[in-house]
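Everything on this sheet refers to the single structure shown next.
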Amino acid sequence: MDTDPKLRPLYLAQILYERTDEDHYLTTAQLMEILEKEYGIKAHRQTIPADVAALRSFGMEIQEVMSSQKRYNLISREYDIAEIKLLIDAVESSKFITKKKSEELVAKLSKMAGRNQAEQLGRNISAEDRIKYDNESIYLIIDGINEAINAGKKISFLYFKYDVRKEPKLRNDGKPWVFSPHKLVWNGDFYYMVGVFDSKKIGTFRLDRIMKRPDILEEDALPFPADFDFEKHLQTSFRMFGTKYTTVDLICANDLMDAILDKFGKDVTTYAYDMENFRVETDVVPGTVFYSWVFGFAGKVVINGPAEVKEQYKEMVLKAAERL
């Protein structure tokens, strides 16, 4: 227990931060009691107002209410409860953050609301049985990649996929990948690294499939190709697969405009088609993920062109039908 009186204002700030808010306060006597019982620091009725004044000068918004005993509460925080709730929901919904790490992060975020509002958050959090992956090294992996990006260096790492026994199996014949990382992207339910292979080809890796923290190499990272448009890559790639864009012409039922804008954004090019449908022209990366997205609308989205994309989609559907 630290009894240094010089630390009294710091402990007082901590007490007010953790235990008061707009609806909950502590009296001078209560603050003195907590300081002595929990921190071993004696305080007097004259020192509490002086310490509060110092904390106000520092920037803390502490309210002082006059009554039979002065009452104090912290009335402003960096994040309000609605913002903290949004952050908690994002953590809970993220597949790449493991269940254990999610619980740790939620606990830390809840503390930012103070004890009383943390209880309210706990009652309001609806943590459904969301699928979580189990790569506990995810924080170290993110940290290593971010460090390499900031330093402009290549990395070396092991990458795996799951076999039919649900066991991780190393890819690339068990050899480390050497890669120039440039961007970390949260896309859909996953976190990805986008960068360049030594062959100068653009590559994408899911972070939860990296075995452990990558090794940062001495070699300088290769730059993105001069003609590579990263923003376009983000807008046109489905779940980060592929980099070869194709302009497609889609015929969509009128009641799907929300779904189209959700996928492609409000700047997507649309045209009137007939009374029941509209046309969309947009760049996509053709492949099974895009075709699965189209198929999910059960015929209400039709690929009108180009011919090779229509043919690829048709082949995929027919192959699937043959398995029935």
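Can you confirm whether Leu105 is more than 16 Å from Tyr11 (Cα to Cα), open to solvent by less than 30 Å² (accessible area, probe 1.4 Å) and modelled with pLDDT of 80 or more? No, not satisfied.
Yes or no, residue by residue, for (1) of a type in the set (A, V, I, L, M, F, W, C); (2) open to solvent by less than 10 Å² (accessible area, probe 1.4 Å); (3) within 18 Å of Asn150 (Cα to Cα); (4) part of a strand (DSSP E or B):
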position: Lys169; (1), (2), (3), (4): no, no, no, yes
position: Asp173; (1), (2), (3), (4): no, no, no, no
position: Pro181; (1), (2), (3), (4): no, yes, yes, yes
position: Asp208; (1), (2), (3), (4): no, yes, no, no
position: Ile216; (1), (2), (3), (4): yes, no, yes, yes
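Of all the criteria given as (1) in contact with a helix residue (DSSP H, G or I) (Cβ under 7 Å, 6 or more places away or on another chain); (2) aliphatic (A, V, I, L, M); (3) at pLDDT 85 or above, the one not satisfied by Ala29 is (1).
Met193 passes every criterion in (1) open to solvent by 40 Å² or more (accessible area, probe 1.4 Å); (2) touching a helix residue (DSSP H, G or I) at 6+ places or on another chain (Cβ under 6 Å) apart from (1). For the range 183-203, a residue qualifies if it is over 16 Å from Ala148 (Cα atoms) and among the hydroxyl-bearing types (Ser, Thr, Tyr), and the qualifying residues are Tyr191, Ser199. For the range 276-292, the criterion of a residue being within 23 Å of the chain's Cα centre (by Cα), polar (S, T, N, Q) and modelled with pLDDT under 90 is satisfied by no position.
What about Leu250, is it closer than 27 Å to Trp177 by Cβ, open to solvent by less than 80 Å² (accessible area, probe 1.4 Å) and aliphatic (A, V, I, L, M)? No: the conditions fail for Leu250. Counting only residues that are in contact (Cβ under 8 Å) with a residue 24 or more places away in the chain and either surrounded by fewer than 14 Cβ atoms within 10 Å (Cβ to Cβ) or not in a loop (DSSP other than H, G, I, E, B) (or both), the range 256-296 holds 19 of them.
Yes/no per residue for (1) open to solvent by 20 Å² or more (accessible area, probe 1.4 Å); (2) on the phi > 0 side of the Ramachandran plot; (3) in a loop (DSSP other than H, G, I, E, B):
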site	(1), (2), (3)
Glu38	yes, no, no
Lys42	yes, no, yes
Ser67	yes, no, yes
Asn73	no, no, no
Arg77	yes, no, yes
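Only one of the numbered conditions (1) open to solvent by 60 Å² or more (accessible area, probe 1.4 Å); (2) within 18 Å of Tyr25 (Cα to Cα) is not met by Pro49, and that is (1). From the set of residues in the range 218-240 that are assigned to a loop (DSSP other than H, G, I, E, B) and open to solvent by less than 30 Å² (accessible area, probe 1.4 Å), which is modelled with the lowest pLDDT? Here the residue is Met240. Number of residues in the range 137-163 that are assigned to a strand (DSSP E or B) and on the phi > 0 side of the Ramachandran plot: the value is 0.
The values are calculated or read from the model by the stated rules, or taken from the named source; none is laboratory data. These figures come from a predicted structure and were not determined experimentally. Methodologically, a virtual Cβ is constructed for each residue, glycine included, from the backbone with ideal geometry; neighbour enumeration extends over all protein chains shown. These area figures cover heavy atoms from the full protein model, side chains too; ligands, DNA and RNA do not enter into them. Shrake-Rupley method; radii C 1.70, N 1.55, O 1.52, S 1.80 Å.
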